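Notes to accompany the following structure.
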Amino acid sequence: FASSFSAVQMGEELSEEAATTAAAVVDTLRHLLSSLGAVLSSPAGLKASAAASSSRSLPAIGKALQQLWFDTPAPSWDSKEQALWLSRLLAVAEGSRAGLLSFYGAGLLLCDSLMTFARIALEEVALRLDEAWAESALAVRQTLQGRCWEHLQKWPGDRRCGGGTDPILSCDRLPLSLRRALDLEGVKLSKAQAAGLGAAMILPGGCTLAMGGVACALLVKNARQRVKGSSLGDDGTAWQQLQAKALVRAHLLLRRKCRPIEIKYVPGPGWESIPRVKVCLYSASDGFCAVPVGRSFSANGGGSSGQGEGVAYLKVGEDCAMRPGTQAESFRLRVYQPAQLLDVLLHDGVEARRGDRLLIVPTADGRVRCIADL
């Protein structure tokens, strides 16, 4: 009996030590990413620092690193090596979301990805990797492979730990199954979205309707996973398929990053009457131009995600790089003059392909032209 009690007590102590270890791993990795963003001192780096400081899971830190990669140019990085690196980083979030990746595996993948990106990103700006930073990253790997590695392998990759608190209205307070189903790990709500969530919680019946729709989505997703699981077989085959999908998505993201549609609004006759234009990208098959692809952003770094821009607002002399979040190569580009009610159409549409460079030039008749920037 004494030996059994001693074994139970030892197991509890090791479990507590593993929890402390997991928290230290998350805190150290987000500190390393925040420090890297500060050293790069670019708008993307500062944005990554802010995102990392509020992250409390490995997939959330991985998404912040992915955004930093997307917004940081690295022309000397071989495209094949870059795609392989990105596929491993994407596997952290996708593997955790699918329940195939443990905290141990996610930590190793994220640590290696962060070290590789730091070395290459700093080389691009003629800086050396700090020895203390590198030693901290290696310490994370050694900690993961320490005496608690068996416990860390039993825990899910998206286990939430580390210091800090979650806002009252945030995706982080949602149940794990809901965050996985809707891919909400690390997603930050805007003020408007938080207000909408608060209103849904306060209004009578709002939460019931919302959660009813979410429950239907979860049931459909669960049914699909069961069908896929019966055809895939063991977890090894499922993991291989997940890696293959991550590599396909990595190539898509790399193409979007390296081949943006660059647009500049230049002065022309009568530009004073059109001080600001709205540029929209539509699907080539959208004959009515009803909904632009991707999301919107402002030329000076405002707006939402940098990984899916389909709408841009430009003043005279400003330019932007649009990277629509679809697999299409060509789009229909329209130019409007923003208005309070209905935007005024200035150009009815021109084909824009990834990698194109276009100029928007005002004309004397109060419209604009779209010409190639040679």
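How many residues, within segment 257-274, are under 23 Å from GLY325 (Cβ atoms) and either free of Cβ contacts under 8 Å to residues at least 60 places away in the same chain or open to solvent by 70 Å² or more (accessible area, probe 1.4 Å) (or both)?
Adding up the residues that qualify gives 4.
Hey, among the residues in segment 28-41 that are free of Cβ contacts under 8 Å to residues at least 60 places away in the same chain and of a type in the set (Ser, Thr, Tyr), which one's surrounded by the fewest Cβ atoms within 10 Å (Cβ to Cβ)?
Looking at residues that are free of Cβ contacts under 8 Å to residues at least 60 places away in the same chain and of a type in the set (Ser, Thr, Tyr), I get SER41.
Collect the residues in segment 254-294 that are in contact with a strand residue (DSSP E or B) (Cβ under 8 Å, 6 or more places away or on another chain) and aromatic (Phe, Trp, Tyr), keeping them in residue-number order.
TYR265, TRP271, TYR282
Are any of the residues in segment 81-88 in contact (Cβ under 8 Å) with a residue 12 or more places away in the chain, part of a helix (DSSP H, G or I) and closer than 21 Å to GLY162 by Cβ? Don't jump to the end; show me each part of the working.
Just the residues of segment 81-88 that are in contact (Cβ under 8 Å) with a residue 12 or more places away in the chain, to begin with: 82-88.
From the residues that got through so far, the ones that are part of a helix (DSSP H, G or I) too are 82-88.
Pick out the ones that are also closer than 21 Å to GLY162 by Cβ and you get none.
The answer is no, given that none of the residues of segment 81-88 is in contact (Cβ under 8 Å) with a residue 12 or more places away in the chain, part of a helix (DSSP H, G or I) and closer than 21 Å to GLY162 by Cβ.
May I ask you to say which residue of ALA290, ALA352 is small (Gly, Ala, Ser) and modelled with pLDDT of 90 or more?
So the residue among ALA290, ALA352 that is small (Gly, Ala, Ser) and modelled with pLDDT of 90 or more is ALA352.
Yes or no, residue by residue, for (1) open to solvent by 50 Å² or more (accessible area, probe 1.4 Å); (2) closer than 17 Å to LEU127 by Cα; (3) among the hydrophobic types (A, V, I, L, M, F, W, C):
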residue: PRO43; (1), (2), (3): yes, no, no
residue: LYS47; (1), (2), (3): yes, no, no
residue: ALA51; (1), (2), (3): no, no, yes
residue: ILE61; (1), (2), (3): no, no, yes
residue: PRO73; (1), (2), (3): yes, yes, no
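The values are calculated or read from the model by the stated rules, or taken from the named source; none is laboratory data. Owing to the predicted nature of the structure, the values given are computational and were not obtained by experimental measurement. Backbone-built Cβ (ideal geometry, glycine too); neighbour counts: all protein chains shown. The area values use the complete protein model at the heavy-atom level, side chains included, leaving out ligands, DNA and RNA. Shrake-Rupley method; radii C 1.70, N 1.55, O 1.52, S 1.80 Å.
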